[in-house]
Amino acid sequence: MSIARVYSNRSDTPQYKKIFDEVQRVTLKVTGHPLRLKRLTPGGTLITIGVDLELAQVLGACESFFHTNNSGYSNIHVEHAHELAPYFVRGCYAHGKRYISLSCNLCI
C-alpha cells in the first residue's frame, strides 16, 4: 500500500533527503509514532520504500533513514548511508521493465 507520493521539480540527493526527513517529521507529528523501517528498527512498520530507479532518490532515502539503523537489532553494520539501500529500497517494476538502469555501483 502506498502511504505517500511526492512530486518535486528537483532531483538531487539533498532534496530527496529533505523530503524523506519531512515525511518522518510529519508522520511523528500526526500519529505520535515515528516512521521507522522494519528492517532497521525494533517496532518499525515500514517494510520498503519504492523508488523509480533514480539514484538521487535512493541516496536521499538512505541518508534520511541512516540514523535510525539500530545495528544491534538489524545486524547491519555499515559506515555509509548508501550501504543500506539493499535492505529496504525496492525499484519500481514498471521502470525496470522499461530497461531504465542505474549507472552506479549500488545493488538494489
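Which of the residues that make up segment 9-33 are free of Cβ contacts under 8 Å to residues at least 24 places away in the same chain and surrounded by 12 or more Cβ atoms within 10 Å (Cβ to Cβ)? Spell out the reasoning first.
Kept after step one, since they are free of Cβ contacts under 8 Å to residues at least 24 places away in the same chain, are these residues of segment 9-33: 9-10, 22-23, 25-33.
Across segment 9-33, the qualifying residues are 22, 23, 25, 26, 27, 28.
Out of segment 34-62, which residues are closer than 18 Å to residue 12 by Cβ and either among the charged types (D, E, K, R) or free of Cβ contacts under 8 Å to residues at least 24 places away in the same chain (or both)? First the steps, then the outcome.
Taking segment 34-62 first, the residues closer than 18 Å to residue 12 by Cβ are 49, 51-62.
Residues satisfying the conditions are 52, 54.
Considering segment 9-59 alone, what residues qualify as being out of contact with any helix residue (DSSP H, G or I) (no Cβ under 6 Å at 6 or more places or on another chain), over 15 Å from residue 82 (Cα atoms) and assigned to a loop (DSSP other than H, G, I, E, B)? So that I can check it myself, show each step before the final result.
Within segment 9-59, the subset out of contact with any helix residue (DSSP H, G or I) (no Cβ under 6 Å at 6 or more places or on another chain) is 9-10, 14-15, 18-19, 22-33, 38, 43-47, 50, 54-55.
Filter again for over 15 Å from residue 82 (Cα atoms), leaving 9-10, 15, 18-19, 22-33, 38, 43-47, 50.
Hits for segment 9-59 are 9, 10, 32, 33, 38, 43, 44, 45, 47.
Of all residues being within 28 Å of residue 72 (Cβ to Cβ) and of a type in the set (Gly, Ala, Ser) in segment 34-59, which is surrounded by the fewest Cβ atoms within 10 Å (Cβ to Cβ)? Just the residue, please. Walk me through how you get there before you give the answer.
The first filter runs over segment 34-59 and keeps only residues within 28 Å of residue 72 (Cβ to Cβ), leaving 34-51, 58-59.
Now narrow it down to the ones that are of a type in the set (Gly, Ala, Ser): 43-44, 50.
Numbers: 43: 10, 44: 19, 50: 14.
Within segment 34-59, the match that is surrounded by the fewest Cβ atoms within 10 Å (Cβ to Cβ) is 43.
Working only within segment 60-81, note down all residues that are surrounded by 14 or more Cβ atoms within 10 Å (Cβ to Cβ) and part of a helix (DSSP H, G or I).
60, 61, 62, 63, 64, 65, 66, 68, 74, 81
How about segment 63-94: which of its residues are touching a residue at least 24 places away in the same chain (Cβ under 8 Å) and polar (S, T, N, Q)?
Initially, segment 63-94 is screened for residues touching a residue at least 24 places away in the same chain (Cβ under 8 Å), giving 63-65, 68-70, 73-74, 76, 82, 84-85, 87-92.
Across segment 63-94, the qualifying residues are 64, 68, 69, 70, 74.
Computed from the coordinates by the stated procedures, all read-outs in this text should not be read as laboratory data. Keep in mind it's a predicted model, so treat the numbers as computed, not measured. Reconstructed Cβ throughout: ideal geometry from the backbone, glycine too, with neighbour counts over all protein chains shown.
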